[in-house]
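The values are calculated or read from the model by the stated rules, or taken from the named source; none is laboratory data. None of the values given here were measured: they were computed from a predicted structure. In this analysis, Cβ positions are derived from the backbone assuming ideal geometry, glycine residues included, and neighbour counts consider all displayed protein chains.
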Amino acid sequence: MPVIKDGQLVEDDWTFMPDSVPLDEVSRPVISLARWQGESRALRVRNLRLGLRLPNDADPAAVGAELHRFALIELEFPTFRDGRAYSQARLLRERHGYLGELRAVGAIGRDQYFFLDRCGFDSVTVAGDEAELARALEGWFEAMAEISVPMQPASDRRPPASSLRERRRAAAGAS
């Protein structure tokens, strides 16, 4: 399934592996939190490059000091109305210092793209035929352009309106 990453549609080179399937079958496996909790010792020894899929009801602290072991963390959006993964993303970035790729998976629509970016997501899964994928990417660019100055600070590091006002005042005072 393709993903939108860095403003481009790219083929996903990660594969979610059900708990019953051996990891030897793919080079970049994404595993469930349950699998990590059950097999973490064996997985650490193998030193695989791993991705982790966190259900939206899991506390990111459940992975804790092991976050650095995951190059990718997928956060689930089971329905459009369920936004708990936004909070997970903010916690991972701001409280736990996760620097790897955060990916939104599931029921994600164009109206969510800007907020995903603000919360620290790097990529979003998209599905459909070629025309639907093109519309999704067009929607990404539209969403990113809709709000030029956010009101509050967030994980995306865009300066909020308050800091822009402070800079103007400082510049006016220096003149």
| query | Which residue out of ALA145, ALA131, ALA172 is over 21 Å from THR79 (Cβ atoms), more than 14 Å from the chain's Cα centre (by Cα) and modelled with pLDDT of 85 or more? | reply | ALA131
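Tally the residues that are part of a helix (DSSP H, G or I) and either closer than 11 Å to PHE114 by Cα or in contact with a Ser or Thr (Cβ under 7 Å, 6 or more places away or on another chain) (or both), restricting the search to the stretch 136-175. Step through it out loud before you land on a result.
Step one: filter the stretch 136-175 for residues part of a helix (DSSP H, G or I), giving 136-146, 161-174.
Remaining after also requiring either closer than 11 Å to PHE114 by Cα or in contact with a Ser or Thr (Cβ under 7 Å, 6 or more places away or on another chain) (or both): 139-146.
Counting residues in the stretch 136-175 that are part of a helix (DSSP H, G or I) and either closer than 11 Å to PHE114 by Cα or in contact with a Ser or Thr (Cβ under 7 Å, 6 or more places away or on another chain) (or both) gives 8.
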| query | In the stretch 1-36, which residue that is touching a helix residue (DSSP H, G or I) at 6+ places or on another chain (Cβ under 8 Å) and touching a residue at least 40 places away in the same chain (Cβ under 8 Å) is surrounded by the most Cβ atoms within 10 Å (Cβ to Cβ)? | reply | ILE4
| query | Within the bounds of the stretch 37-52, is there any residue that is in contact with a strand residue (DSSP E or B) (Cβ under 6 Å, 6 or more places away or on another chain), exposed (fewer than 14 other Cβ atoms within 10 Å of the Cβ) and not in a strand (DSSP E or B)? | reply | yes
| Checking ALA65 against (1) among the hydrophobic types (A, V, I, L, M, F, W, C); (2) touching a residue at least 12 places away in the same chain (Cβ under 8 Å); (3) surrounded by fewer than 21 Cβ atoms within 10 Å (Cβ to Cβ), the condition it does not meet | (2)
| request: Among what's in the stretch 67-84 and is in contact with a strand residue (DSSP E or B) (Cβ under 9 Å, 6 or more places away or on another chain) and assigned to a helix (DSSP H, G or I), pick the residue that is nearest to VAL126 (Cα to Cα). | output: ARG84
